[in-house]
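As structure tokens, the structure follows; a few thoughts come after it.
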Amino acid sequence: MTHLAFYNLIRSNSVKIGLLFLFLTGVISLFIGKQFIQKQKQNIADTAIYQEEHITQNVKFHKDDMGLLLYYLKFSLVNEVPAISGLSIGQRDVNSSIKSVTIRGLEGQKHDTDLNNPYNSLLGSLDFSFVLIFLFPLLIIAFTYNIISEEKESGTWSMVAVQSKSLFKHILKLFLIRIALILAVLLLILFLAIPILGIPINVDFWAIIATSVSYLLVWSGICFWVVSLQRSSNFSAVVLLAVWILLIIILPAAANNYLVNKYPVPEALETTLKQRKGYHEKWDMPKEATMDKFFAHYPQYKKYPVPKDKFSWLWYYGMQQMSDDESLESSKTMKEKIKLREKVSQAISLVIPTMHAQLTFNQIAQSDLNNHILFLDHLDKYHEELRLYFYPKIFENYPVKNENWKEFKPKYASITHTVNWTNSILPLILITVIISLISFFNLRRI
């Protein structure tokens, strides 16, 4: 009986077309992810070449003045893009993975990013997470919405009832055959991702598989619940499409709107203004007002004299330092609010499976907002290391030719990453179990 049901299903042209469409779309998403990874790797390679040429040319032009040279020199920090990011590009397409900064004021340079077509940003990337979250549920709906109603509407339900020992088992069997086919396509796409994207088979890869399967089980449970109501095909189709729109579009948009209004971030503009004002107004102020604060921040540099009647790099970099110091509080407040937004959004996502799947995918693929915030923390430390290294050399006008500039290669941020299995799949499993129990209760009277 099971073999016959499987054979009848698989020989249907609509089923073949649906599975083929989903498979091809999934493969296309893998190549889009591969293209993204290759672009990021090329950017990193180009950055290394650019930094070497940039330093060589500026050392040649400003060989007599260390302060002037460091005004122009940029040093890069890289947030390496793992291969698994090709499955879920997340925030990586809007937040740059490479930051090139001078030792001047950091806040004004921290949020510089690549120029992107805003229309493309609006549409998002057709990566694997998009295919899984948006398209796979549609195929589950199309395959399952009329399992019972089709038999009733065609007049064969009474025949099935007579021939089957248990109608519940018969319906469950038909349902599981369809879900198994869709899961097979899912696993086929994910295992193709190993050679296409070069993904290592590690805990991140298994976490992606577990989250994907759990997410599809949620949609299977939702469809099973609607089928268990034993209503007409039209009714089931409309209800399931309404649920799809609700979970895919309306609830995530409402959650985002709530977070934006609940936790506004006016500090983003405030930080920029304070940083600029903190630097520019110092030109019209007595030097003592700047240097007293600078020496309070770095008492080890008090030994360097500040000429009152002429320009000095000590005063200039003191002004740059003060611009960062005066915008520090608003910058910290902005970061805390962004972290709070992320924390609340994760809490809300526990009851919105689509949102939870997307956030979990981004976390595993290291393309989430937390990863970018950690990268900015590393940038703060790297920038401070550069300042502490070069400040004495600038203030002493250390000979440019005596510095080994070839040692300054792009540095990689070391961001640790772990998979939280409980947070990743437990909410999805719980939702599936609850919906399935309700469905079994509905079907026990069949």
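The values are calculated or read from the model by the stated rules, or taken from the named source; none is laboratory data. Predicted model only: the values in this text are computed from it and were never measured. Note that each Cβ is placed from the backbone with ideal geometry, even for glycine, and that neighbours are counted across all protein chains shown. Heavy atoms of the whole protein, side chains included, go into the accessibility calculation; ligands, DNA and RNA do not. Shrake-Rupley method; radii C 1.70, N 1.55, O 1.52, S 1.80 Å.
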Scan segment 388-419 residue by residue and report those that are over 27 Å from Tyr298 (Cα atoms) and free of Cβ contacts under 8 Å to residues at least 24 places away in the same chain.
Thr416, Thr418
For the structure I just gave you, tell me whether Lys63 is in a loop (DSSP other than H, G, I, E, B) and either within 28 Å of Trp313 (Cβ to Cβ) or aromatic (Phe, Trp, Tyr) (or both).
yes
Take the residues of segment 30-47 that are touching a residue at least 60 places away in the same chain (Cβ under 8 Å) and open to solvent by 40 Å² or more (accessible area, probe 1.4 Å): which is nearest to Lys99 (Cα to Cα)?
Lys34
Can you report the number of residues in segment 305-345 which are in contact (Cβ under 8 Å) with a residue 24 or more places away in the chain, open to solvent by 40 Å² or more (accessible area, probe 1.4 Å) and not hydrophobic (A, V, I, L, M, F, W, C)?
7
Looking only at residues in segment 137-161 that are under 18 Å from Leu443 (Cβ atoms) and over 49 Å from the mean Cα position of the chain (by Cα), which one is surrounded by the fewest Cβ atoms within 10 Å (Cβ to Cβ)?
Ser158
Limited to segment 415-443, what total is found for residues that are outside any helix (DSSP H, G or I) and either of a type in the set (Phe, Trp, Tyr) or open to solvent by less than 40 Å² (accessible area, probe 1.4 Å) (or both)?
2
Within the group Leu167, Leu174, Leu186, Leu192, which residue is closer than 30 Å to Asp127 by Cα and open to solvent by less than 40 Å² (accessible area, probe 1.4 Å)?
Leu186
Could you please find all residues in segment 129-163 being without any contact (Cβ under 8 Å) to a residue 12 or more places away in the chain and not in a helix (DSSP H, G or I)?
Gly155, Thr156
Can you tell me which condition Ile103 does not meet? The list is (1) of a type outside the set (Gly, Ala, Ser); (2) in contact (Cβ under 8 Å) with a residue 60 or more places away in the chain; (3) surrounded by fewer than 21 Cβ atoms within 10 Å (Cβ to Cβ), and all the others hold.
(3)
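Matching residues to (1) more than 13 Å from Leu186 (Cα to Cα); (2) open to solvent by less than 100 Å² (accessible area, probe 1.4 Å); (3) at pLDDT 95 or above; (4) not in a helix (DSSP H, G or I):
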{"site": "His3", "(1), (2), (3), (4)": "yes, no, no, no"}
{"site": "Leu9", "(1), (2), (3), (4)": "yes, yes, no, no"}
{"site": "Val15", "(1), (2), (3), (4)": "yes, yes, no, no"}
{"site": "Leu24", "(1), (2), (3), (4)": "no, yes, yes, no"}
{"site": "Ile28", "(1), (2), (3), (4)": "yes, yes, yes, no"}
Ser85: hydroxyl-bearing (Ser, Thr, Tyr) and assigned to a helix (DSSP H, G or I), yes or no?
yes
Mind listing just one residue for me: the one in segment 48-63 that is charged (D, E, K, R) and surrounded by 11 or more Cβ atoms within 10 Å (Cβ to Cβ) and, of those, farthest from the chain's Cα centre (by Cα)?
Lys63
Take the residues in segment 86-110 that are aliphatic (A, V, I, L, M) and touching a Leu at 6+ places or on another chain (Cβ under 9 Å); name whichever of them is farthest from Leu269 (Cα to Cα).
Leu87
When you scan segment 400-414, how many residues do you find that are loosely packed, with under 14 Cβ neighbours inside 10 Å and assigned to a helix (DSSP H, G or I)?
4
